[in-house]
Amino acid sequence: MKSTPKNPGTPTRTSAPVRPGTRPAATGRPASAQRAANAQATQDFVRGVIAEMKRVTWPSRDEWVAATILTVALVVGVGVFTYLVDLAFGWIFTLLTGGAR
């Protein structure tokens, strides 16, 4: 959409609105040709994904285990830190408010 010269910043419609449940205008190709083109595009995409996955350098088992242990340790560490900070703030607010809840 582009704005009009009279009202800058006000968008104008460049095409008719599409109602829900309606199909877009035909592209000029028969439905069977469109299906064939979609199938070919899908096949090309899958072939590309497979070729790309073959080029990936996957981590060794030792690297994978070390990364998993590190991740679990960091999650536990952040959880314990958050718990301790929550306890500290609870204690501080209890002192400030005189124990009222």
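Report, by residue number, each residue of the range 55-91 that is touching a Phe, Trp or Tyr at 6+ places or on another chain (Cβ under 9 Å) and surrounded by fewer than 10 Cβ atoms within 10 Å (Cβ to Cβ). Step through it out loud before you land on a result.
Quick first cut of the range 55-91, residues touching a Phe, Trp or Tyr at 6+ places or on another chain (Cβ under 9 Å) only: 58, 64.
Answer for the range 55-91, where residues must be touching a Phe, Trp or Tyr at 6+ places or on another chain (Cβ under 9 Å) and surrounded by fewer than 10 Cβ atoms within 10 Å (Cβ to Cβ): just 58.
Report, ordered by the first and then the second residue, all pairs with beta carbons closer than 8 Å, sequence separation of six or more or different chains, a first member in the range 83-94 that is without any contact (Cβ under 8 Å) to a residue 40 or more places away in the chain, and a second member that is loosely packed, with under 10 Cβ neighbours inside 10 Å and not in a helix (DSSP H, G or I).
No pair meets every condition.
When you check residue 76 against the structure, is it under 26 Å from the mean Cα position of the chain (by Cα) and assigned to a helix (DSSP H, G or I), yes or no?
In short, yes.
Read-outs throughout are calculated quantities, based only on the coordinates presented, and are distinct from any laboratory measurement. Please read all numbers here as calculations on a predicted model, not as lab measurements. Neighbour counts run over all protein chains shown; Cβ positions are idealised from the backbone, glycine included.
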